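To start, the structure under review is shown below, and the notes come after it.
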Amino acid sequence: MRRLAAALEPAAASCGDESGAEAPHSKYNARMLGLAFVAWCAAADVVSPLPPPVPWNGKSRELIAKPDDRWITVVEKTGFHATPTYNQTVAWLRQLASVAPEMRLISLGRSPEGRDIWMVVLSRDRLFTPETLQRSGRPTLFVQAGIHAGEIDGKDAGLMFLRELTVGRWRSLLDKANFFFVPIFNVDGHERASPYGRINQRGPDVVGWRTTAQNLNLNRDYTKLDSEEMRAMVSALDRWRPDLYVDIHVSDGADYQYDVTFGWNAAGHSPHSQRWLDSTLAPALRNALSSMGHIPGPLVSDDPAKGLTMVTLPPRFSNAYGDLRHIPSVLVETHSLKPYEQRVLGTLVLLQSTLQTLGLEGVALKRGAMVDTESRPNPVPLEWRVPSPGANTEVMDFLAIESRTSPSAISGAKRVEYLGTPVTKRVAVYRQNELALSVPRAKAYWIPAAWSSIVDRLKIHGIAAERISEPREIEVEMYRLEDPKYDAEPFEGHVRVFAKVKAEHRKERFPAGSYRITTEQPLGDLVTVLLEPDSSDSFLQWGFFHSIFQRTEYAEDYVTEAMAEQMLAADPELRRQFEQRLATDEAFRNSPAQRLDFFYSRTPFADERWRLYPIARER
């Protein structure tokens with residue numbers, strides 16, 4: 001009880017503004033509320049029963065700072081029980097920057113609650129603008145932590161890494177590469193801190209919350225750009241153009257032996273970069289982690305007992321978005337059930353090895369990324385699937401944890417219990433790398449002036465848009481959307497929709513102020529994925545075009561009845577179609593509204609633009 005109460009104090013202390021000043025009584029009130037919550041939980045005997053940990057004593061413990069080190073971090077000082085608050089983190093960074101001229105703090109923007117999203121720039125040549133840094137010739141590693149603020153391993157490992165790069169043992173790494181670090185991406189979620197943020201995670205004692213103050217999951221926002229935080233991040237990626245992008249998380253799900261897993265999409269839009277990740281970075285990381293007593297492994301996306309699937313995520317996720325805009329990108333997942341010390345130290349080793357490898361082999365990565373950027377694939381991939389199992393199914397030795405299953409009287413399903421004993425299991429490996437959906441590459445997309453809000457989002461991504469000053473009439477291809485299906489519940493602030501598309505060739509007039517978005521630009525693939533309705537991350541499927549599904553003009557029944565009689569008398573073929581529909585379609589036959597609409601929709605009074613997707617393709 002005392003330990004939990006003490007753990008709440010850092011969160012209570014951070015209730016002031018971002019400068020560190022506390023609001024009146026904020027610390028007292030937060031602490032009292034926290035203590036009341038802890039008391040209730042203790043009385044109710046609420047605990048998170050985790051599986052037994054596997055003992056660990058890795059060599060990476062040698063990297064922990066000595067107790068008298070001036071630059072010891074909060075996590076080291078507390079024996080890996082506590083992680084610093086936002087204010088503590090910023091204060092430590094500012095102190096380190098005051099003695100490290102190669103280090104500068106840059107605000108990428110502010111959160112809805114008014115906190116700066118800080119990025120640390122480390123440059124041996126003290127180049128602290130995008131323009132000067134890109135002329136330096138050194139490759140740049142961009143690492144972000146805390147996109148899910150309860151998964152904060154990357155922040156604590158990153159602070160230790162900054163110390164070693166500036167005043168410690170790894171200063172020479174900056175001779176060959178630059179380093180960017182965002183210690184806390186989801187800054188507002190980070191300050192929603194309590195001992196109850198992660199039910200399946202072993203440490204630290206107090207953690208932040210998964211989502212933002214607006215309850216948005218930032219790692220679902222890369223394409224739609226709803227949050228201020230993501231707009232700041234995407235703008236930074238566009239302006240600073242790093243050569244390698246690393247996003248650090250903590251896993252959910254099953255228990256297994258691996259303590260640090262990492263990977264990238266099984267297929268995607270940057271195959272040359274992916275080959276470098278496979279052939280150069282992956283072996284270097286595995287060797288570095290293994291030599292320091294860690295157990296590196298592949299990303300685990302599902303129940304490994306049923307086989308291991310190497311997925312290709314849609315670009316709403318960090319590493320898939322990076323791949324789509326041709327920034328080689330790595331997703332890191334430490335294992336939530338491993339002790340916090342083990343996870344943080346494993347992340348630290350991974351950071352050191354990544355920067356070292358980039359410094360030594362970055363020229364080849366830059367070359368591959370340039371080839372990917374300059375390519376213009378046709379057709380453009382939209383979705384991938386796992387191929388049908390064949391005779392040569394890939395298998396691997398999976399380092400699992402022994403488990404047992406038993407019937408559950410609570411859920412009625414099978415209950416899984418992990419027993420803490422390492423075992424090796426032979427499992428099938430499935431790769432989601434077969435193209436499932438693509439679209440012919442358009443020369444450009446046309447967006448009417450009325451939909452300029454869509455262009456605003458494209459521009460945040462860094463996509464170039466040409467605005468016309470005079471009306472233009474051109475031959476285009478447009479989509480008629482049929483049979484729309486809406487999700488039953490909102491997802492990430494949107495009610496998603498899927499509709500079948502039917503192409504129409506049209507001569508369309510675009511008023512002054514409309515936009516032409518060419519795909520002959522570095523982000524042309526991103527343009528296609530955002531604007532094609534069949535893409536699962538299109539603006540249409542995210543719900544930005546709901547109004548086109550509304551039918552806003554209509555006819556009274558007594559008018560349509562009389563008009564239908566005239567139409568049937570004048571058109572024998574229409575009569576045949578109507579009678580056939582009555583005979584074969586029971587729902588139509590029993591619906592007066594559908595029967596009348598059969599005629600109304602065939603008159604010039606009906607809205608010709610109903611369900612017409614307003615964005616056109618120039619072929």
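Could you go through segment 337-344 and let me know if any residue there is assigned to a helix (DSSP H, G or I) and in contact with a Leu (Cβ under 6 Å, 6 or more places away or on another chain). No, because not a single residue in segment 337-344 is assigned to a helix (DSSP H, G or I) and in contact with a Leu (Cβ under 6 Å, 6 or more places away or on another chain). Could you please give the count of residues in segment 297-309 that are part of a loop (DSSP other than H, G, I, E, B) and touching a strand residue (DSSP E or B) at 6+ places or on another chain (Cβ under 8 Å)? Residues meeting the conditions: 5. Does Gln274 qualify as being buried (at least 21 other Cβ atoms within 10 Å of the Cβ), of a type in the set (S, T, N, Q) and either in contact with a helix residue (DSSP H, G or I) (Cβ under 9 Å, 6 or more places away or on another chain) or within 18 Å of Ile147 (Cα to Cα) (or both)? The answer is no for Gln274. Please specify each residue of segment 113-142 satisfying the condition of being β-branched (Val, Ile, Thr), under 21 Å from Gly362 (Cβ atoms) and in contact with a helix residue (DSSP H, G or I) (Cβ under 6 Å, 6 or more places away or on another chain). Result: no residue meets the conditions. Give me the residue from segment 135-162 that is under 28 Å from the mean Cα position of the chain (by Cα) and either among the basic types (Lys, Arg) or not assigned by TED's automatic domain parsing to the domain that holds Ala236 (or both) and, out of that set, modelled with the lowest pLDDT. The extreme case among them is Arg138. Here is a check on your reading of the model: is Phe317 in contact with a helix residue (DSSP H, G or I) (Cβ under 7 Å, 6 or more places away or on another chain) and not assigned by TED's automatic domain parsing to the domain that holds Asn186? Against the criterion (in contact with a helix residue (DSSP H, G or I) (Cβ under 7 Å, 6 or more places away or on another chain) and not assigned by TED's automatic domain parsing to the domain that holds Asn186), Phe317 does not qualify. Of everything in segment 459-476 that is touching a helix residue (DSSP H, G or I) at 6+ places or on another chain (Cβ under 7 Å) and not in a loop (DSSP other than H, G, I, E, B), the residue that is farthest from Gln274 (Cα to Cα) is Ile460. Being among the aliphatic types (A, V, I, L, M), crowded, with 20+ Cβ neighbours inside 10 Å and within 16 Å of Tyr222 (Cα to Cα) holds for only one residue in Ile454, Ile460, Ile517, and it is Ile454.
Taking helices (runs of 4 or more DSSP H) as the structural unit, those lying wholly within segment 524-600 and holding at least 1 residues that are under 31 Å from the mean Cα position of the chain (by Cα) correspond to 524-531. Among the residues of segment 430-466, the one identified as of a type in the set (A, V, I, L, M) and touching a Gly at 6+ places or on another chain (Cβ under 7 Å) is Ala449.
For segment 322-373, a residue qualifies if it is within 20 Å of Leu289 (Cβ to Cβ), under 24 Å from the mean Cα position of the chain (by Cα) and of a type in the set (Asp, Glu), and exactly one does: Glu333. Among residues of segment 392-417 being over 12 Å from Gly307 (Cα atoms) and among the polar types (S, T, N, Q), the one that is surrounded by the most Cβ atoms within 10 Å (Cβ to Cβ) is Ser403. Looking across segment 426-451 at every residue that is modelled with pLDDT of 95 or more and in contact with a helix residue (DSSP H, G or I) (Cβ under 8 Å, 6 or more places away or on another chain), the one that is surrounded by the fewest Cβ atoms within 10 Å (Cβ to Cβ) is identified as Arg441.
Name the residue, out of Thr312, Thr261, that is at pLDDT 95 or above, in a strand (DSSP E or B) and either under 22 Å from the mean Cα position of the chain (by Cα) or buried (at least 22 other Cβ atoms within 10 Å of the Cβ) (or both). From the options Thr312, Thr261, the qualifying one is Thr261.
The values are calculated or read from the model by the stated rules, or taken from the named source; none is laboratory data. Keep in mind the model is a prediction, meaning the values are calculated, not measured. A quick note on method: Cβ atoms are made from the backbone with ideal geometry, for glycine too, and the neighbour counts reach across all protein chains shown.
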